[in-house]
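A.B. asks: Below: one structure in C-alpha cells.
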Protein chains: 2
Amino acid sequence: MGELSPLFAPERIAVVGATDREGSVGRAIMENLLDAFVGEVVPVNPGREEVFGLPALDSVADSEADLAVVVVPPTVAVDVVREAGEAGITNVVVITAGFGETGTEGATREQELTEVAEAYDIDLVGPNSLGIMSTPVGMNASFGPENATSGRMSFMSQSGAFITAVLDWANDQGIGFKDIVSLGNKAVLDESDFVREWGDDEETDVVIGYLEGIDDGQAFIQTAREVTQETPIVLVKSGRTDAGAQAASSHTGTIAGSDQAYEAGLEQAGVIRAESVQELFDAARVLESQPLPETDGVAVITNAGGPGVMSTDSIGDSRLSMASFADETLEAFSETLPAEGNIYNPVDVVGDADNERFRDALDVALADENVGSAMVLACPTAVLDYGELAEDTVAMQAKHDKPVAACFMGGARVKPAAETLSEAGIPNYFDPARAVAGLDALSRFRDISEREYREPTTFDVDRERAREILSSVEGRTDTRLGVEAMGLLDAYGIPTPDGDIVDAPADALEVAERIDGDVVMKIVSPDILHKSDIGGVKVGVPNEEVYDAYEDLVSRARNYQPDATIIGVQVQEMVDLDSGVETIVGMNRDPQFGPLLLFGLGGIFVETLEDTTFRVAPVSEPEAEAMTREIDAAPLLRGARGRDPADVEGVVETIQRLSQLVTDFPAILELDINPLVATPDGVEAVDVRLTVDPDEL
Amino acid sequence: MGELSPLFAPERIAVVGATDREGSVGRAIMENLLDAFVGEVVPVNPGREEVFGLPALDSVADSEADLAVVVVPPTVAVDVVREAGEAGITNVVVITAGFGETGTEGATREQELTEVAEAYDIDLVGPNSLGIMSTPVGMNASFGPENATSGRMSFMSQSGAFITAVLDWANDQGIGFKDIVSLGNKAVLDESDFVREWGDDEETDVVIGYLEGIDDGQAFIQTAREVTQETPIVLVKSGRTDAGAQAASSHTGTIAGSDQAYEAGLEQAGVIRAESVQELFDAARVLESQPLPETDGVAVITNAGGPGVMSTDSIGDSRLSMASFADETLEAFSETLPAEGNIYNPVDVVGDADNERFRDALDVALADENVGSAMVLACPTAVLDYGELAEDTVAMQAKHDKPVAACFMGGARVKPAAETLSEAGIPNYFDPARAVAGLDALSRFRDISEREYREPTTFDVDRERAREILSSVEGRTDTRLGVEAMGLLDAYGIPTPDGDIVDAPADALEVAERIDGDVVMKIVSPDILHKSDIGGVKVGVPNEEVYDAYEDLVSRARNYQPDATIIGVQVQEMVDLDSGVETIVGMNRDPQFGPLLLFGLGGIFVETLEDTTFRVAPVSEPEAEAMTREIDAAPLLRGARGRDPADVEGVVETIQRLSQLVTDFPAILELDINPLVATPDGVEAVDVRLTVDPDEL
C-alpha cells in the first residue's frame, strides 16, 4: 500500500461540477462513476437540485467525500480546491483545463493551485487531466469513453487522448489495468509520485507510461531505481528526435532537455524505454505475467525451417542467444525426432509433427538448464491442432516455470489458440521478431532488478582552490575559461601535464628548463578560441627556441586581434599522443536532469564519429567504468591491435572526479576535457574549456 | 507477359501421382486444383482407374497437358519429368522431396533432374516445393491448406511452411496475391527467374519474397535492378545474423555468403530489404496500392497532441521529414482551426474536432506542394465518427493523388473504418511508427525507380604486368603477397609512394638518395605478417642511417625466424599521416556475389570502429563516390574540423581501379590496401596484402 492509495481507493467521491447536461464533461464523469464504482458518488452543483437522481450539494465542503473530482470552470477551480482542503479532503483530481497550458494567466492560476494544494497537503492530480481509474473499486473518475478491464498493469500518461485510444485497443486485446492516471499539467503529483506509489502497490506488477517530459530528473532516477529492484517500469518518452522534441515542446510548452539526458537518465533509473506503442505493450505484457529467465539462452521449437531461421535472426539482433543444449537434451531429441529434423537449436520437429512430438520437444528443451526461455514457433499443418498446442504450451510453461513466447503463425485458424495463450499471459505474434522482443524485455528486467547501486566515491579535493579559479570570471561578461583553468582539474586530482602559464619570455624558459624534453607552447587568451587556426600552438619546442617562440605567439595573437586580452603563454610538457588514445570527458547541464557527463573518443573524431556515451552525475565507480566500456572504440583503450592497454582505471577515476567537481559547483555550466590522453602509463588532461555562471558561485 | 507466363496460366494440368487416398499430398493437390481452377485437370496414376471421378491416365505422355505437377516418389520423379519433356510439356512443378536436401544420393538425383530439364527446355519449379498458385486462373497447384485471394502482389518463398502461414494470415487481413511460388530446391528456376517474370507481368504490382540464399548474386543484381525501375521488390533474406546464417546453412545445406554481401547486393539491385515479416507486409501493402510521394515532407493531421509527438518521432527516425507548410496553408489553418490548436506540423485540430474540421485540414494540407504525403492520426472522441473519417481519408487521398497513411487508434471501434481504409489500399495501424514505415517504403522506392545505373569506367591499365606479379605465387604453398606486390597497384594506376624493394644495403641507400627526405624501411618476407611486432619497420630514416637500418632489419627478421624467406627490404618515401586521413580499400570474394569491395576508416580504427561500407564489384563512378559518403567518418575526408579537404576524387578513382583489378583477375581472393592515405594533395596506397589462387590465373 503506497502513500497515494487513498486516491485510488476512495469510499466517497464528490464530483464538483456534476451535471446531466448532454455532451458535458461533468455528465460523462458522473456516468462513468455511476457505472461501476463500489463506493458512493456525491454530485456537487449549486445550480442543480439533483443530478442523475442524486441530491446535489451546494458545496464540496459538505460532501464528506475522501476524493473530489473537479470539473468547474478554471476561474473557480482554485477556490473549489481550497474549500475541499479546508474540509479535510486531501485527494483531488482537477479535470478542468485552462491552466499552465494556456499562457501567463493560466500559469499564474496553476501556481495558485499548487500553493493551495501544498497548504492543505492535498494529493492533487492535474489540472487539465482526463481523470483517473482504478479497477479494484470499479472507479472510472474520468471523462473517457471506455472503462478499463481488470489487470495488474498501472498506466500513467501525459496525453489523455492516448489513454482513450489505448483503452479501446486494450479491451479488444484482453489487456487489463489496475490504476490509470492522466497526469495533465502535473501541478502537484508527477511521474515520480506514481512510480513510487505503484512500486509500493502489491496489486501492480508492471508500471507503464507515456511521458513527454520528466520534471525533476534527479528525483525520478532516485525513485525509479528503487522501484525497479522489484517492479518493472516501461515508458515511451516522446520527443526522442529533434523534430519530435520540437513538437513536444510546442505541445506542452516546456523546454525539453536533450534526449541524451533522457536516454542516460532512464537507463540509470532502471526504466525500460520503448520507442513505440507496439514496443511498450509487447514488453509490458510479458513482464506482467511471465517469470524472469535465469539465463539468456533461448530454445526455439518449430515445425518449419524457414521461420526457424527468421527467429534465429531476431534472437541474434537481441541481447539473447540461441541456447546450446546439454548432451542429454541432444540424446533425447535424437531418439524422438525424425532423421530429417534438427536436434540442434532451432529444433526442427518437421512439418509432419503432431501435437505430441511438439509438446515432448518443448518439455525436453525447457528441462535443459542451458535453456532460460523457449519459443514455440508453429506453421499450420494438417496434423497439428493449434488449440491443443496452445494448451500444451501453457502447461509446459507452468511445469518448468520458465518464460515461453508463442509465434503460432496464421490468421483465422490461430484465434482460439491465441486466446488460450493470452489468458495464460503468453501473447501470440505472427512475427517471430515480436515474440523475441518480449523475451528480450524479460532478460533486460532481470538484469535491472539484480543491479546493485553504489554510492559515488568522494575524493579528497581542494574545493577552495577550485572555487577561487572559478571566481576569476566574476565581473566579466565572457565567463568562459580555457587552459588558464587547468588548475581546476589539478585541484580535483585530475592529472594534467607538467607546466605553467607565464607572462614573460624569461619565465617561459624557466618553466621549460624544469620540464624534461621539448615543450608545447600555447597562447592563452579568452578572446582566442581556436588557437591552432591562428598559429597559436607550437609543438616540440626545444629549450633554445622557447624565448623566440614566446615572442612569436604573442605577436601572432596581437596581429589576429589587436585588442585581445592576452593572459600569457602556457608552457607544457609534451604528451605522447602516438602511444595513447585521445578521449573526451565532458559535462553540460540539462534543465531536467542536471549535470550530464560525456565520455567518448576524443581528438578530431569527436564530432564526426560521435562515439560517445552519457550519464547523469553523480556517478559511482561502476557507472564510470561502464562508460569506458560502452563506446565503440573501447577495445582501443584495452589494447586492441597489439597495443599496450591504456590506463583505464585512470580514465574511470577522472570521470568520477569530474562528476564530483560538477556536482560540487552548479556554477559550472559546461566543461570539456579534450583530449584526455590515456596511455599505458596513465592519463593526462591536455586541454580544458568551461563556461561558468558566476551567480551560482 | 513474361517468359514464364505459361507456367502461371496453363489450360490443362496433369497431376502425376494423383490419388484420392486420405492424408496424401497427391489428394491435397487434386482437391486444391479441382476447387477453382478454370482449366482442365488430368490425373495421372497407372495404379488407379479414376481419381475424384476423373479417368486416370497411365502416363503423363498421354496427358496433352501444358503443365505437369509431379508428386510421385523421388526414385521415379526424374523419369516422369523426362517423359513429360519428351511429350513436349515444358512447364513442370516437382513437389516430390528427397533431392539435394537429403545428402549425396539426393544431390545426384537433383543433378539428373536439372540435366533433363535443360535437355527438354523445361521451366521447372522445385523439387521439394509446396507448389505454385495463380489467382487469375484460380490455380492452386500446391498441397497447402489455403487458397489465395486475388490481388496484385506476387510472392516467392524458399520456405513452403511460410507460404501456408502467410496465406492464412493474409486471407484474414484481406491481402490478396497474383502468383505464389514455393521455390523448393531451385534446381532450375530460381529467384532471378521469377523476379524477371513478375517484372514483365502487368498483373503484378509488387514482388515480395522470403529467401534464405541467392544462387547467382551477379545475375540477380542485373535482373532486379532492371525490374525495380518499375516494379518494387521487397524481400526478407534470412540469415542476417551470425546465428541466423548458421541456422540457414544447416537448414538449406548451402554455404551462406556474408550478410555484408547480401546487404550490398540487395541494395545495388534496388531491392527493399525487410528485417521481419511485419516490415515485409507493411511495405508491400502500400507499394501495391498507393502513389509515390513527390517529396519527403509529411503532414500529420491529428486530434491529439501526444500521439502527434510520437508520430513526429517516427518520422524523425525515418528518411522522411515533417513538411514545412506554405504561407497559404498556414493562413488557411489559422482561419479554420481553434486557437488552442496547432497550425504548424503536426497539425492539431484539437480533441473537439468533428469530421468536417478533420477532413478540411487534410484537404488543405494535401494541397500544399511541400507536402508529399500525409498521415491521419486520430484518437477516439465523442464528436468524431471513425467511419466517416475513413471515407473522407479515402476521398482526399484520391482527390490529391498523394499517399496517405492512417493511424486511427483504438480497438473494436476502429474495425469498420479500418476495413473501409484497407479496401482503398490504406492499411490502418494502432502504432504511428508502422504507418510511417509504409510512407518511408514509398519514398525509398521512388528513389530506387529514379536511379540511373551507369556502366563502370574502364581505365587504361597494364594487365600483363599485373598478371606477372600475381603469377609469382605459382608453385608456392603460401599464396599471400605483401608490399612486394605494390607493383600490382601501380600497374592498375593506383598511386603508391615512391620506393623500391632491394636486397642489399648499398641498393637501399641508392633508393633512399633518390627520394626526397627521410624514408620508411620495412622488412619484406612472406613469413613475417606482423612486421611492426618484431621491429621490422623503421620510420623516418635519414640517408646516413639507411645502411645500418638495412642490416638491423634483416638481423631482426633472422632472430625472429631463422628459416624465414627474406625477399629484402622495402625503402619507401615517407607519407605524412598527420595531414591525411587513413582509409582502407579492400576486397574479398563472396561465394554468391563474387568480388565484394570494402571502403572505410583505416589504420588502427578498422577493427574497433568498423566504419565501413560494401559494394559488389564492378562499381560505377557514382557507386564508388557513394561509398565515400556512406561511412561515419566521411566528413573528415571532406575537411571537417578546419582541415583541408582530402582528395576524395582520388579515393573514388582508387575504388574503381581496384574494382577493375579484381574483376579482371578472379585469381585475387582477397586484397586490402590499408592504409590508403588521402591528403589534400592526393592519395597513396601505403601498404597492401592479398591472397591469390594460382589455379584461376
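The values are calculated or read from the model by the stated rules, or taken from the named source; none is laboratory data. Quantities reported herein were computed from a predicted structural model and do not represent experimental measurements. All Cβ positions, glycine included, derive from the backbone under ideal geometry; neighbour counts span all protein chains shown. Remember, those area values only see protein heavy atoms, side chains included, never the ligands or the DNA or RNA. Shrake-Rupley method; radii C 1.70, N 1.55, O 1.52, S 1.80 Å.
A.B. asks: Can you tell me the relative contact order of region A:615-695? Whole percent, Cα pairs under 8 Å, sequence separation 6 or more. Intermediate results must be reported in sequence, preceding the final value.
C.D. replies: Values: 104 pairs, mean separation 22.4, N = 81.
28 percent.
A.B. asks: So, one more: Calculate, for B:Glu419 and A:Glu423, the FRET efficiency according to 1/(1 + (r/R0)^6) with r their C-beta to C-beta distance and R0 45 Å; round to the nearest 0.05. Don't skip to the end; give the middle numbers.
C.D. replies: Working: r = 27 Å, r/R0 = 0.61.
Computed FRET efficiency for B:Glu419 and A:Glu423 comes out at 0.95.
A.B. asks: Select from region B:442-501 those chymotrypsin sites (Phe, Trp or Tyr not before Pro) which occupy a DSSP coil region and have at most 14 other Cβ atoms within 10 Å, ordered by residue number. Intermediate values should be presented prior to the final figure.
C.D. replies: On the way: sites: B:Phe445, B:Tyr453, B:Phe459, B:Tyr492; in loops: B:Tyr453, B:Phe459, B:Tyr492.
The qualifying sites are B:Tyr453, B:Phe459.
A.B. asks: Moving to a separate point now. Between copies, how far apart are the A:Glu419 label points? List them in nm, one decimal, shortest first, with each point 7 Å from Cα toward Cβ, please?
C.D. replies: When each copy's label point is compared with this one, the spacings are 1.9 nm.
A.B. asks: Let me ask something additional. Kindly provide the pair-distance distribution of region B:215-352 built from C-alpha pairs, with 10 Å bins from 0 and whole-percent values in order of increasing distance.
C.D. replies: Using 10 Å bins, I get a P(r) of 10, 27, 26, 18, 12, 6, 1 for region B:215-352.
A.B. asks: List the residues of region B:482-500 whose backbone N lies under 18 Å from a point placed 7 Å from the Cα of B:Thr457 along the Cα-to-Cβ direction.
C.D. replies: B:489-496
A.B. asks: Can you compute the label reach from A:Leu697? Point 7 Å from Cα along the Cβ direction, backbone N cut-off under 11 Å, restricted to region A:445-473.
C.D. replies: A:466-473
A.B. asks: Would you kindly work out the equivalent ellipsoid of region B:571-691 from its C-alpha gyration tensor and give its semi-axes, the square roots of five times the eigenvalues, largest first in whole Å?
C.D. replies: Numbers: eigenvalues 106, 48, 34 Å².
Equivalent ellipsoid of region B:571-691: 23, 15, 13 Å, largest first.
A.B. asks: With an 8 Å Cα cut-off and a minimum separation of 6 or more residues, compute the relative contact order for chain A in percent. Intermediate results must be reported in sequence, preceding the final value.
C.D. replies: Details: 1523 pairs, mean separation 58.2, N = 697.
It rounds to 8 percent for chain A.
A.B. asks: Could you sort A:Asp490, B:Asp121 by accessible area so the largest value comes first, with the probe set to 1.4 Å?
C.D. replies: Numbers: A:Asp490 75, B:Asp121 120 Å².
From most accessible down to least: B:Asp121, A:Asp490.
A.B. asks: Taking the 0 to 90 degree range and rounding to the nearest ten, how far is the long axis of helix B:648-664 tilted relative to the main principal axis of chain B, both from C-alpha atoms?
C.D. replies: Tilt relative to chain B: about 80 degrees.
A.B. asks: Comparing the chain by itself with all protein chains present, which residues of region B:385-419 are at least 20 Å² less accessible (probe 1.4 Å)?
C.D. replies: Going by heavy-atom accessible area, the residues of region B:385-419 that drop by at least 20 Å² are B:Met409, B:Gly410, B:Gly411, B:Ala412, B:Arg413, B:Lys415.
A.B. asks: A further question on this structure: In Å³ and rounded to a whole number, note down the convex hull volume per residue for the Cα atoms of region B:515-613. Can you show the working numbers first?
C.D. replies: Numbers: hull volume 14.1 nm³, N = 99.
Expressed per residue, the convex hull around the Cα atoms of region B:515-613 is 142 Å³.
A.B. asks: Taking each pair of different alpha-carbon atoms in region A:60-152 once, compute 1/r for the pair, average those values, and report the inverse of that mean as the Kirkwood hydrodynamic radius in Å to one decimal.
C.D. replies: Working: mean 1/r = 0.0730 Å⁻¹.
Over region A:60-152, the inverse of the mean reciprocal pair distance is 13.7 Å.
A.B. asks: While we're here: Could you please put A:Arg446, A:Arg689 in sequence from largest to smallest accessible area, using a 1.4 Å probe? The partial results should precede the final answer.
C.D. replies: Details: A:Arg446 25, A:Arg689 110 Å².
Largest accessible area first, the residues go A:Arg689, A:Arg446.
A.B. asks: Can you list residues from other chains, or at least 5 along the same chain, whose modelled amide H is less than 5 Å from the amide H of B:Ile208?
C.D. replies: Amide H to amide H, under 5 Å and 5 or more residues apart or across chains, B:Ile208 pairs with B:Ser154, B:Phe155, B:Met156, B:Val234.
A.B. asks: While we're looking at this one, here's another question. What does the charge add up to near B:Ala247, with Lys and Arg as +1, Asp and Glu as -1, over the other residues with Cβ less than 14 Å from its Cβ?
C.D. replies: Counting the neighbours of B:Ala247, the net charge comes to -4.
A.B. asks: Mind putting a number on the dipole of region B:330-469 about its Cα centre? Charges go on the C-beta only, +1 for Lys and Arg and -1 for Asp and Glu, and I need it in Debye to the nearest 20.
C.D. replies: Numbers: 14 positive and 28 negative charges, 129 e Å.
Dipole about the Cα centre, nearest 20: 620 debye.
A.B. asks: Taking the axis about which chain A rotates onto chain B, which residue of A lies nearest it as judged by Cβ position, and how many whole Å separate them?
C.D. replies: Nearest-to-axis residue on chain A, with distance in whole Å, is A:Leu609, 3.
A.B. asks: Right, next: Rounded to the nearest angstrom and ordered from largest down, what semi-axes does the equivalent ellipsoid of the protein assembly as shown get from its C-alpha gyration tensor (root of 5λ)? Spell out each step's value before the answer.
C.D. replies: Details: eigenvalues 586, 556, 153 Å².
Computed over the protein assembly as shown, the values are 54, 53, 28 Å.
A.B. asks: Still on this structure, please answer the following. For A:Thr149 and A:Arg629, compute 0.36 nm times the residue count separating them, minus their Cα-Cα distance, and round to one decimal in nm.
C.D. replies: Gain in length upon complete extension: 168.4 nm.
A.B. asks: How about region A:427-451: which of its residues lose at least 50 Å² of accessible area in the presence of all protein chains relative to their chain isolated, using a 1.4 Å probe?
C.D. replies: A:Phe430, A:Asp431
A.B. asks: How much area per residue is accessible in chain B when the probe is 1.4 Å and only protein heavy atoms are counted (Å²)?
C.D. replies: Working: 27070 Å² over 697 residues.
That works out to 39 Å² per residue.
A.B. asks: What does the net charge come to around A:Gly144 if you take all other residues with beta carbon closer than 13 Å to its beta carbon, with K and R at +1 and D and E at -1? Don't skip to the answer; put the middle values down first.
C.D. replies: Details: positive: B:Arg413; negative: A:Glu31, A:Asp35, A:Glu146, A:Asp168.
After counting each charged neighbour, the total is -3.
A.B. asks: In sequence order, what are the phi-derived ³J(HN,Hα) couplings for region A:488-497 according to the Karplus relation 6.51 cos²θ - 1.76 cosθ + 1.60 with θ = phi - 60°, rounded to whole Hz, with x for glycine and proline?
C.D. replies: Here the 3J(HN,Hα) series is 4, 5, 4, 5, 9, x, 8, x, 10, x Hz.
A.B. asks: Can you give the accessible area of B:Leu377, probe radius 1.4 Å, in Å² rounded to 10?
C.D. replies: Using a 1.4 Å probe on the heavy atoms, I get roughly 0 Å².
A.B. asks: Still on this structure, please answer the following. Extending each Cα 7 Å along its Cβ direction at A:Asp664 and B:His530, get the distance between those two points in nm, one decimal.
C.D. replies: Calculated label separation equals 4.3 nm.
A.B. asks: Explain nothing, just compute: Karplus ³J(HN,Hα) = 6.51 cos²θ - 1.76 cosθ + 1.60, θ = phi - 60°, for every residue of region B:529-535 in order, whole Hz, x for Gly and Pro.
C.D. replies: Residue by residue, region B:529-535 yields 7, 9, 4, 4, 4, 9, x Hz.
A.B. asks: Taking the Cα centre of the protein assembly as shown as the origin and placing charges on Cβ (Lys, Arg +1; Asp, Glu -1), which of A:Ala161, A:Leu658, B:Leu292 is farthest toward the positive end of the dipole?
C.D. replies: A:Ala161
A.B. asks: Given points 7 Å out from each Cα along the Cα-Cβ axis, report the A:Glu118 to B:Arg558 separation in nanometres with one decimal.
C.D. replies: Calculated label separation equals 8.6 nm.
A.B. asks: In degrees between 0 and 90, to the nearest 10, how far off the longest principal axis of chain B does helix B:386-400 point, with axes built from Cα atoms?
C.D. replies: 60 degrees
A.B. asks: Would you mind computing, in nm to one decimal, how far apart the modelled labels at A:Asp79 and A:Asp352 are, each placed 7 Å from Cα along Cα→Cβ?
C.D. replies: 8.5 nm
A.B. asks: Can I ask one more? Just to confirm the numbers: A:Ala506, label point 7 angstrom along the Cα-Cβ line, distances to the other copies in nm, shortest first?
C.D. replies: Copy-to-copy label distances for A:Ala506: 5.9 nm.
A.B. asks: Between B:Asp200 and B:Glu294, what FRET efficiency comes out of the Förster formula 1/(1 + (r/R0)^6) with R0 = 35 Å and r the beta carbon distance, rounded to 0.05?
C.D. replies: About 0.80, to the nearest 0.05.
A.B. asks: Which residues of region B:582-626 show a drop of at least 50 Å² in accessible area when all protein chains are present, compared with their chain alone (probe radius 1.4 Å, heavy atoms only, ligands and nucleic acids excluded)?
C.D. replies: Buried by the other chains: B:Ile604, B:Phe605, B:Thr608, B:Leu609.
A.B. asks: On to the next question. Taking every DSSP beta bridge with both residues inside the protein assembly as shown, roughly what % is antiparallel (nearest 5)? Can you show the working numbers first?
C.D. replies: Values: 108 of 205 bridges.
About 55 percent, rounded to the nearest 5.
A.B. asks: Taking a ≥ b ≥ c as the square roots of the Cα gyration tensor eigenvalues, with a/c under 1.5 meaning rounded and otherwise prolate when a/b beats b/c, else oblate, which class fits region A:403-449?
C.D. replies: Values: a/c = 4.60, a/b = 2.00, b/c = 2.30.
Cα axes put region A:403-449 in the oblate bin.
A.B. asks: Right, something else. Would you please name the GluC sites (Glu not before Pro) within region B:557-664 that are DSSP coil residues with at most 14 other C-beta atoms within 10 Å of their C-beta?
C.D. replies: Numbers: sites: B:Glu573, B:Glu582, B:Glu607, B:Glu610, B:Glu623, B:Glu625, B:Glu630, B:Glu649, B:Glu653; in loops: B:Glu610.
Passing both the DSSP loop test and the Cβ count: B:Glu610.
A.B. asks: Output, in nm with one decimal and in ascending order, the distances from the A:Glu50 label point to the matching label points of the other copies (7 Å from Cα along Cα-to-Cβ).
C.D. replies: 8.0
A.B. asks: Tilt of helix B:546-560 relative to the longest C-alpha principal axis of chain B, in degrees (0 to 90, nearest 10)?
C.D. replies: Compared with the principal axis, the helix lies near 60 degrees.
A.B. asks: Probe radius 1.4 Å, ligands and nucleic acids left out: can you give me the accessible area buried at the B-A interface, summed over both chains, in Å² to the nearest hundred? Mind dumping the intermediate values first?
C.D. replies: Working: alone 29750 and 29680 Å², together 54070 Å².
So the buried area, both faces added, is about 5400 Å².
A.B. asks: I'd like the accessible area for B:His530, computed on protein heavy atoms only with a 1.4 Å probe and all protein chains in place. Round to 10 Å², please.
C.D. replies: About 110 Å², rounded to the nearest 10.
A.B. asks: Need the C-alpha centroid separation for region B:159-198 versus region B:416-461, integer Å.
C.D. replies: So the two Cα centres are separated by 20 Å.
A.B. asks: Mind checking Rg over Rh on region B:487-547, alpha carbons, Kirkwood formula for Rh? Spell out each step's value before the answer.
C.D. replies: Values: Rg = 12.5 Å, Rh = 12.8 Å.
Over the Cα atoms of region B:487-547, Rg/Rh equals 0.98.
A.B. asks: Restricting to Cα atoms and excluding each atom paired with itself, what does the Kirkwood estimate give for region A:5-287 in Å?
C.D. replies: On the way: mean 1/r = 0.0527 Å⁻¹.
Across region A:5-287, the inverse of the average 1/r is 19.0 Å.
A.B. asks: Then there is this: Provide Rg over Rh for region A:111-171; use the alpha carbon set for both Rg and the Kirkwood Rh (inverse mean inverse pair distance). If you can, show how the numbers build up before the last one.
C.D. replies: Values: Rg = 13.5 Å, Rh = 13.0 Å.
Taking Rh as the inverse mean 1/r over Cα pairs, Rg/Rh reads 1.04.
A.B. asks: Mind checking Rg over Rh on region A:291-449, alpha carbons, Kirkwood formula for Rh? Each step should come with its number before you reach the end.
C.D. replies: Working: Rg = 14.0 Å, Rh = 15.1 Å.
When Rh is taken as the Kirkwood radius, the ratio is 0.93.
A.B. asks: Let me ask you something else. Per 10 Å bin from zero, what fraction in whole % of the C-alpha pairs of region B:413-525 is there, up to the bin with the longest pair?
C.D. replies: Histogram of Cα-Cα distances, whole percents per bin: 10, 21, 17, 9, 10, 13, 12, 6, 2, 0.
A.B. asks: Using the Karplus curve 6.51 cos²θ - 1.76 cosθ + 1.60 with θ = phi - 60°, what ³J(HN,Hα) values do you get for each residue of region A:444-457, in whole Hz, with x for Gly and Pro?
C.D. replies: Listing the rounded values in order: 4, 5, 4, 5, 4, 5, 9, 4, 10, 7, 10, 6, x, 5 Hz.
A.B. asks: I'd like the carbon and sulfur percentage of the solvent accessible area for region B:581-696, probe radius 1.4 Å, heavy atoms only, ligands and nucleic acids excluded.
C.D. replies: 42 percent
A.B. asks: Search the structure for amide H atoms under 5 Å from the amide H of B:Gly131, placed 1.01 Å from N in the peptide plane, and list their residues when 5 or more places away or on another chain.
C.D. replies: Counting only residues 5 or more places away or on other chains, the set is B:Ser182.
A.B. asks: In vacuo Debye scattering of chain A, one point per C-alpha: log10 I(q)/I(0) at q = 0.08, 0.10 Å⁻¹?
C.D. replies: The computed values of log10 I(q)/I(0) come out as -0.79, -1.03.
A.B. asks: Further question: Enumerate by residue number the GluC sites (Glu not before Pro) in region A:171-277 meeting two conditions: DSSP loop (anything except H, G, I, E, B), and at most 11 other Cβ atoms within 10 Å of the site's Cβ. Don't skip to the end; give the middle numbers.
C.D. replies: On the way: sites: A:Glu191, A:Glu197, A:Glu202, A:Glu203, A:Glu212, A:Glu226, A:Glu230, A:Glu263, A:Glu267, A:Glu275; in loops: A:Glu202, A:Glu203, A:Glu212, A:Glu230, A:Glu275.
Those that pass, being in a loop and sparsely packed, are A:Glu202, A:Glu230.
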